[in-house]
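Notes to accompany the following structure.
The values are calculated or read from the model by the stated rules, or taken from the named source; none is laboratory data. Just so you know, these numbers come straight off a predicted model, no measurement behind them. For neighbour counting, all protein chains shown are included, and Cβ atoms are generated from backbone atoms with ideal geometry for every residue, glycine included. For accessibility, only protein heavy atoms count, side chains too; no ligands or nucleic acids. Shrake-Rupley method; radii C 1.70, N 1.55, O 1.52, S 1.80 Å.
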Amino acid sequence: MKCETVMILWHNQDPIYSIDFENGTNKFCTAGFDNEIKIWSYTKNKETSKLSIEYLSSLKKHSKPVNIARFSPCGNLLASGSDDGNIIIWKLNTSTTSTTNIISTTTTTISTSATPTKPAQNRSRPNPLVASDDNYIMKEQWSMVNSLMVPKDVYDLAWSSDGQYLSSASTDNTVIVWSPLSKSYDQVIIDHSHYVQGVSWDPLGDYLLTQSSDATCRLYTTNKARKEKKLIKEKVTTTTAAATKIR
């Protein structure tokens, strides 16, 4: 495997906390300490095999660092979670045209400053992702379609394989299973005794796995026999892990 280092300097050289590919496309997103999510595309030159990265958009609605950003399985939605306790559901506006330095949508207005802050030692080295430092064009526009509130910092997010549910992990020791477009939650899991730092659905949608600073992982099962697929918790405790049934 050949690896190539790609320079991304558009998070003000602050830490980047999350990255995710969009399923079935050549796009990915980054999120970090600067409170923003940025959308990128990549293209490989068939003749030279060189990889080029193109900036597409900035999503700027969070008021604190963004810890996690995840595209939905169908690719039409993006979920982001932040230290501000907000989970924002974004949707790509396919009917809008490119704009410079500002994103305007019917749902919300997202003002962005696409100008990166470069340290002095890098000013002599051109940014490989842009042709000019004077004009940054956002080729995509994303609008906020929903905002979900949790009491404390959001550490992780995971979509179910069918995109019907979104699970969030938080520093209030809970995992919440949301129906993201209806702005409602189906279940709050309160089994962990410390920060929940990770959550993941298996590809078949049969299991939900959580990890916590309390030194346990917990496995939850879904009962697909029920048509409504309503989520109900039954707690089972073990010394190192817990298995729980979600009916």
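Conditions (1) at pLDDT 90 or above; (2) hydrophobic (A, V, I, L, M, F, W, C); (3) on the phi > 0 side of the Ramachandran plot, marked per residue:
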position: SER82; (1), (2), (3): yes, no, no
position: THR96; (1), (2), (3): no, no, no
position: ASN127; (1), (2), (3): no, no, no
position: MET138; (1), (2), (3): no, yes, no
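Within segment 190-222, being over 15 Å from VAL150 (Cβ atoms) and outside any strand (DSSP E or B) holds for ASP191, SER193, HIS194, ASP202, PRO203, LEU204, GLY205, ASP206, SER213, ASP214, ALA215, THR216.
Close Cβ contacts (under 6 Å, 6 or more residues apart or on different chains) running from residues in segment 41-55 that are without any contact (Cβ under 8 Å) to a residue 60 or more places away in the chain to residues that are not in a strand (DSSP E or B) comprise SER41/ASN26; TYR42/ASN26; LEU51/GLU4. Quick check on segment 61-69. Is at least one of its residues of a type outside the set (Ser, Thr, Tyr), in a loop (DSSP other than H, G, I, E, B) and closer than 20 Å to MET138 by Cα? Yes - at least one qualifying residue is present in segment 61-69.
Restricting to segment 165-189, and then to whatever is part of a strand (DSSP E or B) and aromatic (Phe, Trp, Tyr), can you tell me which residue is surrounded by the most Cβ atoms within 10 Å (Cβ to Cβ)? Taking the candidates together, the pick is TRP178. Restricting the first member to segment 161-189 and to residues that are under 16 Å from SER147 (Cα atoms), and the second to residues that are modelled with pLDDT of 90 or more and basic (Lys, Arg), the beta-carbon pairs closer than 6 Å and six or more apart or on different chains are SER170/LYS152.
The number of residues in segment 16-34 being open to solvent by 40 Å² or more (accessible area, probe 1.4 Å) and in contact with a Pro (Cβ under 8 Å, 6 or more places away or on another chain) comes to 3.
Here LYS229 meets each of (1) open to solvent by 20 Å² or more (accessible area, probe 1.4 Å); (2) at negative phi; (3) at pLDDT below 95 with one exception, condition (2).
Please work out which residue is farthest from ALA69 (Cα to Cα), limiting yourself to segment 195-213 and to residues that are open to solvent by less than 50 Å² (accessible area, probe 1.4 Å) and out of contact with any His (no Cβ under 8 Å at 6 or more places or on another chain). Here the residue is ASP206. Apart from one condition, LEU9 fits all of (1) open to solvent by 40 Å² or more (accessible area, probe 1.4 Å); (2) modelled with pLDDT under 85; the exception is (1). Evaluated against (1) under 25 Å from SER147 (Cα atoms); (2) modelled with pLDDT under 95, THR115 falls short on exactly one condition, (1).
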